[in-house]
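FYI, it's all coordinate maths here, none of it is from the lab. Nothing here was measured: the structure is a model prediction, and the numbers come from that model. We place every Cβ from the backbone using ideal geometry, glycine too, and count neighbours over all the protein chains shown.
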């Protein structure tokens, strides 16, 4: 009996670790293949059978920065994602606070509409409006469109963080003579700083990854990294080595970020759907 | 001056419920509602971008799309792609969530690695998949052949392009379903499980008669949330095939993009976008009803 139980336990743990390997293999393989592609020469990348062992070169990274001016695009993405995140926090924090405190659930409908509408249908109106305002190919234009994604995300994430702040704290602050605005800024916001950091990171990731808006509304001055790497395949001949290097540069920072917020990232996308 | 600031501060305090959310609501109204309204207006006009002004033509665009073969094709591709990818993602996502629910040594690390594709920039990883799926030089065929299986044409053949794109979509998005279902599993009550164990139910019975009914609302919610993006999948398809070969992977959504931004037919393109929106809306309304019913049981 005892051996039987031990056997089941051994069998179970073997099963678990086989499962672990099976689950890690697909992401790790694609990730490694991306890095390898960036370290191979153009010829090595189109040779068959594919090479797993080769002497790596950093030539592609040099080309990506020097020929394709990738640093500029990285900066563009950084600026747009930073601005979109900053504005989302500025507008979203008080809104989420109010929704949590006064149970203003109806505002959620507006957010749901934003999520359901095909992003393509924002493109034409925005293109026409921005052209009229002379804003095509500006950071302002891209930031505004990225807000469609990041602002609802920040609001939804922050609602639950604000809900966890005990109301007594604010009552005490009021008795001590704090105005409502003071207690929001001095008492409540510092209490939810973890939530703010989480929302900021998630908002940054999704703005950084955004492709469609930038594809149409950016230009030579404001092209973001997803569009820049996509353009590698429209230069006639496809530069696989360059794509590998550029993709690595794009994916690496968001992967590191995602690691820190992996527990909350789902909340930003589920929009509180799991709460009721 | 001080008095003035005091008045403002008091006004904000008294009207907190109005003043705090106002900027966000106004912003969302301007960036979401106004363009949608404009798009809706354009759907009833005929207008080629760069040529004259939009001309109101009533519902002609909506009549035209019934005779458009690429619309029919787009709907078929959409149903095929979304039906296949959503069902695989839902089943796999649930199984993997059950797996992670029984925590074991190192499960945190496995989970962190497993969800990597979810946060990775879609265009970047889709391009890597495009290399990997190349029938002549791609590593996927090499792997297949090295274990004795025949290679595939993947995205280069009209017959296999959708399953190949589904593979990428499943790789990228199953972690999202897993994370949602996992959150749901963690919030399930303990009592039914203890009762079942006392009654001597086995693992499979417990899953089928207790876990599955309890988790059904969460599963449907996960499906709804995933469908919001999946029915409008753009980055992966556009990056890997651009709707090809021919129009074999051109979903209705991709076609609406092409009509608007490759053919510059703004009016007709807008009408197609309205149709995509309605499909997403109807799907989610039906799903939501199912979710509410599942909760009542």
| field | chain B - convex hull of alpha carbons, volume per residue in Å³ | value | 257 Å³
| said: Please compute, for peptide A:18-25, the average count of beta-carbon atoms on other protein chains lying within 10 Å of each residue's beta-carbon. | reply: 5
| Along the Cα-to-Cβ line of residue A:191, 7 Å from the Cα, sits a label point; which residues in region B:19-40 have backbone N less than 19 Å from it? | B:20-21
| query | Which value in nm describes the separation of the simple spin-label points at residue B:191 and residue A:54, placed 7 Å from the Cα toward the beta carbon? | reply | 6.3 nm
| For region A:134-276, convex hull volume per residue from C-alpha positions, Å³ | 145 Å³
| field | Kirkwood Rh (inverse of mean 1/r, distinct Cα pairs), region B:130-248, angstrom | value | 17.4 Å
| query | With a ≥ b ≥ c the root eigenvalues of the C-alpha gyration tensor of region A:10-165, is it rounded (a/c under 1.5), prolate (a/b larger than b/c) or oblate? | reply | oblate
| request: For region A:129-175, compute Rh as the Kirkwood radius over C-alpha pairs and then the Stokes-Einstein diffusion coefficient at 25 °C and 0.890 mPa s; write the answer in µm²/s, rounded to an integer. | output: 179 µm²/s
| message | Need the full-extension length gain, residue A:160 to residue A:110, defined as separation in residues times 0.36 nm minus the C-alpha distance. One decimal, nm. | response | 16.2 nm
| Quick one: Cα centre-to-centre distance for region B:1-49 and region A:37-56, in angstrom? | 53 Å
| note | For region A:14-106, inverting the pair-averaged 1/r of distinct alpha-carbon atoms gives a Kirkwood value in Å of 18.2 Å
| task | Answer rounded, prolate or oblate for region A:182-223, using the Cα gyration tensor with square roots of eigenvalues a ≥ b ≥ c: rounded when a/c is under 1.5, else prolate when a/b is larger than b/c, else oblate. | result | prolate
| Can you work out D for region B:1-54 in µm² s⁻¹ from Stokes-Einstein, where Rh is the Kirkwood radius over C-alpha pairs, the temperature is 20 °C and the viscosity is 1.002 mPa s? | 147 µm²/s
| task | Output the Kirkwood hydrodynamic radius of region B:237-290, Cα pairs only, in Å rounded to one decimal. | result | 12.1 Å
| message | Counting only helical runs of four or more DSSP H residues, what would the 222 nm mean residue ellipticity of chain A come to if each run contributes -39,500 (n - 2.57) and the total is spread over all its residues? | response | -23500 deg cm²/dmol
| task | Quick one: compute the contact order of region A:1-143, relative version, from alpha carbon pairs under 8 angstrom and 6+ residues apart, as a percent. | result | 16 percent
| task | Any chance you could run the full-extension gain for residue B:30 through residue B:68? It's 0.36 nm times the residue separation minus the Cα-Cα distance, nm to one decimal. | result | 10.3 nm
| query | In units of 2.2 N^0.38 Å, what is the alpha-carbon radius of gyration of region A:57-139? | reply | 1.61
| said: Only counting other Cβ atoms within 10 Å, I'd like A:163, A:168, B:145, B:250 sorted with the fewest neighbours first. | reply: A:168, B:145, A:163, B:250
| field | Peptides B:99-109, B:207-217, B:232-242, B:274-284 ordered by average Cβ neighbours within 10 Å, highest first | value | B:232-242, B:274-284, B:207-217, B:99-109
| task | Calculate for chain B the 222 nm mean residue ellipticity that helices alone would give, adding -39,500 (n - 2.57) per DSSP H run of length 4 or more and normalising by residue count, nearest 500 deg cm²/dmol. | result | -21500 deg cm²/dmol
| message | Using Cβ counts within 10 Å as a stand-in for footprinting exposure, how do B:218, B:32 rank, fewest first? | response | B:32, B:218
| remark: Where a ≥ b ≥ c are root eigenvalues of the Cα gyration tensor, a/c under 1.5 meaning rounded, otherwise prolate if a/b exceeds b/c and oblate otherwise, region B:114-198 counts as prolate
| request: Please grab the % of Cα pairs in chain A that end up more than 30 Å from each other. | output: 48 percent
| region B:1-144: mean projected area of Cα convex hull, nm² | 20.6 nm²
| Rg and Dmax [Cα atoms of the protein assembly as shown; Å; Rg one decimal, Dmax integer] | 25.4, 86
| said: With 10 angstrom as the radius, rank B:172, A:101, A:263, B:2 by how many other C-beta atoms surround their C-beta, starting from the fewest. | reply: B:2, A:263, A:101, B:172
